[in-house]
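After the structure tokens below, expect a handful of questions from me.
Each reported figure results from applying straightforward, stated rules to the coordinates on display, with no laboratory input. All figures in this text were calculated on a predicted structure; none of them were measured in a lab. A quick note on method: Cβ atoms are made from the backbone with ideal geometry, for glycine too, and the neighbour counts reach across all protein chains shown.
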Amino acid sequence: MDADERDICIFLKSWLGQYVSGREIARRAGGKWRYRKDPNWATPVLHRLFEKGILDADSTGHFRLRKSEKKEKWVSPEIQKILDQNGKNFAEPFTVDADEEESAP
């Protein structure tokens, strides 16, 4: 990822989930002097990021960061192995009674 791509991604992180126009991205991500020199500097960078799968685009030419799919992982594979051997399952959320909270040390 080059500097232009990184600048655009950093800018779009402040607009998570919202589509932003290419012109607005060019104006704010590169600074006003870069925008005055070349108002279309971000267009090829945005298309590169879209082809890489980092950005989503809508039909009007607005872009946003693609939502990342975070995978759940264990802190340690050894802990997972111990819990599996003991038959413990923490996949479902559980509730703690108010009486149990007060008596906890």
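State whether the residues of region 65-84 include one that is surrounded by 10 or more Cβ atoms within 10 Å (Cβ to Cβ), among the charged types (D, E, K, R) and more than 15 Å from the chain's Cα centre (by Cα).
yes
Given (1) free of Cβ contacts under 8 Å to residues at least 24 places away in the same chain; (2) among the hydrophobic types (A, V, I, L, M, F, W, C); (3) closer than 18 Å to MET1 by Cβ, identify the lone condition not met by LEU12.
Going through the list (1) free of Cβ contacts under 8 Å to residues at least 24 places away in the same chain; (2) among the hydrophobic types (A, V, I, L, M, F, W, C); (3) closer than 18 Å to MET1 by Cβ, LEU12 breaks only (1).
I'm trying to understand the selection: among the residues of region 16-59, which are of a type in the set (Val, Ile, Thr) and in a helix (DSSP H, G or I)?
ILE25, THR43, VAL45 - these are the residues of region 16-59 that are of a type in the set (Val, Ile, Thr) and in a helix (DSSP H, G or I).
Look through region 45-61, keep the residues that are of a type outside the set (D, E, K, R) and farther than 17 Å from ASP7 by Cα, and return whichever of them is surrounded by the most Cβ atoms within 10 Å (Cβ to Cβ).
ALA57
Could you list, in sequence order, all residues of region 1-35 that are surrounded by 10 or more Cβ atoms within 10 Å (Cβ to Cβ) and basic (Lys, Arg)?
If the condition is that a residue be surrounded by 10 or more Cβ atoms within 10 Å (Cβ to Cβ) and basic (Lys, Arg), then ARG6, ARG23, ARG27, ARG28, ARG34 are the ones that fit.
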